[in-house]
Amino acid sequence: MSIDTIIMYIVTFVLLIVSFILDKEKTFKGVKKGAKAFLKLMPILLPLFLFIGIMLAIVTPQFISNILGADSGFIGMLFALIVGSITFMPAFVSYPLGAQLLANGAGVAQVAAFLATLMSVGIVYYAAESKLFSKKAAIYRNVISFIGALLIILVVLVVY
Amino acid sequence: MKNKFLVLSVIILVVYIFIDISVTIQAFKNTGNQLWSMLLIVPPIFLLIGLFDVWVPREKVILLMGENSGIKGMFLAFLLGALSAGPTMASFPVALIMLKKGAKYSNVLFFVMTWSTLKIPIIIFQVSQVGLTLTAIINISMLFVFIIGAIFAEKLFTSEEKQQFYQKAINYNKQ
């Protein structure tokens, strides 16, 4: 468990106790509501987890760093953007993966593009996101994040 | 449509039994790991959603993050997103409760985007992994694009569409 998750647990625990002391009824109602929100999301997520599990079994870090080499150029960047866009990975997983890729000789621009899309663009979740918000909202959020990744490539190419 | 990924997954899993069964086994392990980390990480998020729902009145959220909340609303959206922990998918139900309570769509969008990418609590960890320059480039570029994206969303989405977000949020959080 990463440090931000631990903080989250502590904050929640404290708030839960405060809530309980202030109003027992309300707290139970809140916990029930939270559980319901969770149970509504899980059936949407489970098939996606299976699909992502398969993707991760096929697209291993070795596989990625072979293609994202320092002289992989434009094709490498394109590949980084596409593979990174498949699913979401939280930052505390993405950054170590990026470090590993850099150590394996992947190019900085390619790794940066991969990291940015990995965290912010999740095509696998498109249907779920569309259902919860709207198609337009899901497309818009992913496109904006993708543009962010493109900007990062540009900045990296200028800086490095 | 609904089970597209499930059908596709089962087909790939079966095909790989014949090509390389270790991939099939690894896929199941990965799925198990994801489930496990989801169950480990997300319970506090959903508890907070529940507590937020019962304790924070709609008027308060409208005041802090609603239509007229201005730059303060955006800043609050940023703080909430950046300080939260958990997979991006977990930010969606949080976004829905915010919408239900009357937060402005562009603020909610900014919150989700921030959640996905800009994690302040682990910024030192990020530097330790990929160095200060790359960490700064990623975080600053994304923040810049997210701000522009959120402001532009305010114009791109009609008030009718925003009303629909609100309706969906109410349905999701129905008793």
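Read-outs: derived from the displayed coordinates by stated rules, not from any lab. The structure presented is a predicted model; accordingly, all values stated were derived computationally and were not measured. A quick note on method: Cβ atoms are made from the backbone with ideal geometry, for glycine too, and the neighbour counts reach across all protein chains shown.
The slack in the chain from A:Thr60 to A:Lys131, taken as 0.36 nm per residue of separation less the alpha-carbon distance, amounts to 22.6 nm. Derived from the Cα gyration tensor, the three semi-axes of the equivalent ellipsoid of region A:1-42 are 20, 18, 4 Å, largest first.
Legend: distances between Cα atoms for B:Lys72/B:Lys104; A:Lys40/B:Lys4; B:Lys4/B:Lys119; pairs beyond 21 Å are B:Lys4/B:Lys119.
So how strong a dipole does region B:94-175 carry about its Cα centre when Lys and Arg Cβ are +1 and Asp and Glu Cβ are -1, to the nearest 20 debye? Numbers along the way, then the final one.
Details: 8 positive and 3 negative charges, 59 e Å.
That gives a dipole near 280 debye.
Ranking A:Gly34, A:Ala80, A:Met8 by Cα position along the charge dipole of chain A, where only Lys, Arg, Asp and Glu carry charges on their C-beta atoms, puts A:Gly34 farthest toward the positive end.
Go ahead and run the numbers for FRET between A:Lys32 and A:Ile82, Cβ-Cβ distance against an R0 of 45 Å, rounding to 0.05.
Given R0 = 45 Å and the Cβ-Cβ separation, E is 0.60.
Put in order of Cβ neighbour count within 10 Å, fewest first, the listed residues B:Phe165, A:Phe114 become B:Phe165, A:Phe114. Charges were assigned to the Cβ only: +1 to each Lys and Arg, -1 to each Asp and Glu. The resulting dipole of the protein assembly as shown about its Cα centre is roughly 1140 debye. Across the alpha-carbon atoms of the protein assembly as shown, the computed radius of gyration and Dmax are 19.9, 62 angstrom.
With a Förster radius of 51 Å applied to the beta-carbon distance between A:Gln100 and B:Glu160, the computed FRET efficiency rounds to 0.65. Helix A:91-103 axis versus longest C-alpha principal axis of chain A: approximately 20°, rounded to the nearest ten.
Size check on region A:43-160: the Cα extents along the three principal axes, sorted descending, read 41, 29, 24 Å. Here the extension length gained between A:Asp71 and A:Val14 equals 15.4 nm, from 0.36 nm per residue of separation less the Cα-Cα distance.
Short version: what are the Cα gyration tensor semi-axes of chain B, square root of 5 times each eigenvalue, largest first, in whole Å? Could you put the intermediate results ahead of the total?
On the way: eigenvalues 217, 104, 55 Å².
The three semi-axes for chain B are 33, 23, 17 Å.
To the nearest 0.05, what FRET efficiency results for B:Val10 and A:Met1 with a Förster distance of 41 Å applied to their C-beta separation?
On the way: r = 32 Å, r/R0 = 0.77.
Given R0 = 41 Å and the Cβ-Cβ separation, E is 0.80.
Among A:Val143, A:Ile123, A:Pro43, whose Cα lies farthest out toward the positive end of the dipole of chain A, if unit charges sit on the beta carbon of Lys, Arg (+1) and Asp, Glu (-1)? Of the options given, the answer is A:Pro43. Region B:88-144 and region B:1-66 have their alpha-carbon centroids 18 Å apart.
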